[in-house]
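Report on one structure; see the data block that follows.
The values are calculated or read from the model by the stated rules, or taken from the named source; none is laboratory data. Bear in mind the structure is a predicted one, so any value in this text is a computation, not a measurement. Cβ placement follows ideal geometry from the backbone for every residue including glycine, while neighbour counts extend to all protein chains displayed.
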Ligand code: GAL
């Protein structure tokens, strides 16, 4: 029952955060938990999917922290289906939601429903993913996404031995054969991760330290629709024949689910047995990838603590419902095509075989038993 344990570990921390938050409830005017349901503020939380474990953690953490403040919560998952997410948001508006927290599926598809929210004076917080082309996004809670891309590319170069642990060039010139994968084209984050990564990789591609045998480096060609591991398997399988006579040294992967699909595909042609697995990056520190890192398979990931992200989003909701201004730390980076959305960016953290115990286990995200 690893699942249960992970949630217990998270809930314990969530509870202590909530207690801290509750210390100042009276002063900040959060809901009185004694209020009858219906009198308490209602917060709609729309998450994209339960097919990826991280979003389950996100939804639970946001819900638990909001409930600890005495709010009612409507938490919905749309299983990566845009019309479903729009319908869920419409329902939340009809139910009288006082604020919306949205992890969008398609960054440009919510304009209409957000106009309805604005007409009803419901503030909207974009959660993790920027909502684009709408004037009705009030705040954005996320991680520094450009930095995630830089960290992924740096991790790839470190795994190949081109950069040392401090990020300095080792003098190793390869050439190394790599393939590049990007996230879903409808998710604004995917392009931000890609540009961050390419900023680091381009000089090495130009100098020939890295070569991409497929020749596929532009975003549209390497993007994986819906971040779906099945789509990553299809693309990786299509690339494998290129590696009949040469080694695949590394793969830039934007997300753990994709990373594991890539690793499995390479195993079918002898990687991990006849020869070492390629260096594969990732993102999210999902349990299966953390286990893979602990087992020496996936090289690394970029860890984004969903408890912290939930905390930021929840404190934004609370400020808005109190008539106060949410705290932001970036008011320039996230132009959604209509406006620059005031944002709070958290710092992502690199995790590899060297530090996963310290970061993920000592940090209470997973137990040592879960990681094997
Ligand atoms: C992105 C998110 C990543 C990863 C990916 C796939 O928007 O920032 O952390 O979770 O979606 O779910």
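With respect to the numbered conditions (1) part of a loop (DSSP other than H, G, I, E, B); (2) touching a strand residue (DSSP E or B) at 6+ places or on another chain (Cβ under 6 Å); (3) more than 16 Å from the ligand (Cβ to nearest atom), which one is the sole condition not fulfilled by residue 324?
For residue 324, the failing item is (2).
Do you know which residues across region 277-312 are away from the ligand (no atom under 16 Å from the Cβ), in contact with a helix residue (DSSP H, G or I) (Cβ under 8 Å, 6 or more places away or on another chain), part of a loop (DSSP other than H, G, I, E, B) and touching a residue at least 24 places away in the same chain (Cβ under 8 Å)?
Matches in region 277-312: 278, 297, 299.
Could you list, in sequence order, all residues of region 138-164 that are touching a residue at least 40 places away in the same chain (Cβ under 8 Å) and not in a helix (DSSP H, G or I)?
138, 139, 140, 141, 142, 143, 144, 162
Return the residue satisfying two criteria in turn: it lies in region 104-121 and is under 23 Å from residue 325 (Cβ atoms) and surrounded by 23 or more Cβ atoms within 10 Å (Cβ to Cβ), and of such residues it is farthest from the ligand (Cβ to nearest atom).
Checking each candidate, the answer is 117.
Can you find even one residue in region 203-223 that is over 18 Å from residue 300 (Cα atoms), within 27 Å of the chain's Cα centre (by Cα), within 13 Å of the ligand (Cβ to nearest atom) and modelled with pLDDT of 95 or more?
yes
Output yes when any residue across region 181-194 is in contact (Cβ under 8 Å) with a residue 60 or more places away in the chain, within 16 Å of the ligand (Cβ to nearest atom) and in a strand (DSSP E or B), and no when none is.
Pass one, region 181-194, residues in contact (Cβ under 8 Å) with a residue 60 or more places away in the chain: 181-183, 186-190, 193-194.
Adding the requirement that they be within 16 Å of the ligand (Cβ to nearest atom) leaves 181-183, 186-190, 193-194.
Adding the requirement that they be in a strand (DSSP E or B) leaves 182.
Yes - at least one qualifying residue is present in region 181-194.
Would a scan of region 173-180 turn up a residue that is more than 25 Å from residue 288 (Cβ to Cβ), at pLDDT below 95 and either touching a strand residue (DSSP E or B) at 6+ places or on another chain (Cβ under 8 Å) or within 12 Å of the ligand (Cβ to nearest atom) (or both)?
There is at least one residue in region 173-180 that is more than 25 Å from residue 288 (Cβ to Cβ), at pLDDT below 95 and either touching a strand residue (DSSP E or B) at 6+ places or on another chain (Cβ under 8 Å) or within 12 Å of the ligand (Cβ to nearest atom) (or both).
Which count do you get for residues in region 123-137 that are away from the ligand (no atom under 16 Å from the Cβ) and either closer than 15 Å to residue 47 by Cβ or touching a residue at least 60 places away in the same chain (Cβ under 8 Å) (or both)?
At the first step, the residues of region 123-137 found to be away from the ligand (no atom under 16 Å from the Cβ) are 123-124, 133-136.
Now drop any that are not either closer than 15 Å to residue 47 by Cβ or touching a residue at least 60 places away in the same chain (Cβ under 8 Å) (or both), which leaves 123-124, 133-135.
Summing the residues that are away from the ligand (no atom under 16 Å from the Cβ) and either closer than 15 Å to residue 47 by Cβ or touching a residue at least 60 places away in the same chain (Cβ under 8 Å) (or both) in region 123-137 gives 5.
Can you pull out every residue in region 64-83 that is assigned to a helix (DSSP H, G or I) and buried (at least 16 other Cβ atoms within 10 Å of the Cβ)?
Of region 64-83, the ones assigned to a helix (DSSP H, G or I) are 64-68, 82-83.
Passing the criteria: 64, 65, 66, 67, 68, 82.
Name the one entry in 87, 97 that is at pLDDT 95 or above and in a loop (DSSP other than H, G, I, E, B). Walk me through it before giving the result.
Values: 87 fails: in a loop (DSSP other than H, G, I, E, B).
The unique qualifying residue is 97.
Being loosely packed, with under 15 Cβ neighbours inside 10 Å and over 18 Å from the mean Cα position of the chain (by Cα) is the requirement here; does residue 324 meet it?
On the way: loosely packed, with under 15 Cβ neighbours inside 10 Å: yes; over 18 Å from the mean Cα position of the chain (by Cα): yes.
Here the answer is yes, as residue 324 does meet what is asked.
Restricting to region 234-257, what's the tally of residues that are assigned to a helix (DSSP H, G or I) and within 17 Å of residue 283 (Cα to Cα)?
Narrowing region 234-257 to residues assigned to a helix (DSSP H, G or I): 234-243, 256-257.
With the extra rule that they be within 17 Å of residue 283 (Cα to Cα), the set shrinks to 256-257.
Going through region 234-257 one residue at a time, the tally reaches 2.
Do we find that residue 103 is at pLDDT 95 or above, touching a strand residue (DSSP E or B) at 6+ places or on another chain (Cβ under 9 Å) and on the phi > 0 side of the Ramachandran plot in this structure? Even if it seems obvious, please write down each step before you answer.
Values: at pLDDT 95 or above: yes; touching a strand residue (DSSP E or B) at 6+ places or on another chain (Cβ under 9 Å): yes; on the phi > 0 side of the Ramachandran plot: no.
For residue 103, the condition - at pLDDT 95 or above, touching a strand residue (DSSP E or B) at 6+ places or on another chain (Cβ under 9 Å) and on the phi > 0 side of the Ramachandran plot - is not met.
Taking the residues in region 261-276 that are in contact with a helix residue (DSSP H, G or I) (Cβ under 6 Å, 6 or more places away or on another chain) and surrounded by fewer than 22 Cβ atoms within 10 Å (Cβ to Cβ) as candidates, determine which candidate is farthest from residue 245 (Cα to Cα). Write out each step before concluding.
Initial filter on region 261-276 (in contact with a helix residue (DSSP H, G or I) (Cβ under 6 Å, 6 or more places away or on another chain)): 261-262, 265, 269.
The next check asks that each one be surrounded by fewer than 22 Cβ atoms within 10 Å (Cβ to Cβ); those that pass are 265, 269.
Details: 265: 17, 269: 11 Å.
Among those residues, the one meeting the criterion is 265.
Right, residue 44: closer than 19 Å to residue 140 by Cα and in a strand (DSSP E or B) or not?
On the way: closer than 19 Å to residue 140 by Cα: yes; in a strand (DSSP E or B): yes.
So residue 44 passes the test.
Restricting attention to region 231-258, and to residues there that are within 14 Å of the ligand (Cβ to nearest atom) and either more than 30 Å from residue 82 (Cβ to Cβ) or in contact (Cβ under 8 Å) with a residue 24 or more places away in the chain (or both), which single residue is farthest from the chain's Cα centre (by Cα)?
To start, the set of residues in region 231-258 that are within 14 Å of the ligand (Cβ to nearest atom) comprises 231-232, 253-258.
When the remaining residues are screened for being either more than 30 Å from residue 82 (Cβ to Cβ) or in contact (Cβ under 8 Å) with a residue 24 or more places away in the chain (or both), the result is 232, 253-258.
On the way: 232: 17, 253: 13, 254: 10, 255: 8, 256: 10, 257: 11, 258: 13 Å.
If we take residues in region 231-258 being within 14 Å of the ligand (Cβ to nearest atom) and either more than 30 Å from residue 82 (Cβ to Cβ) or in contact (Cβ under 8 Å) with a residue 24 or more places away in the chain (or both), then 232 is farthest from the chain's Cα centre (by Cα).
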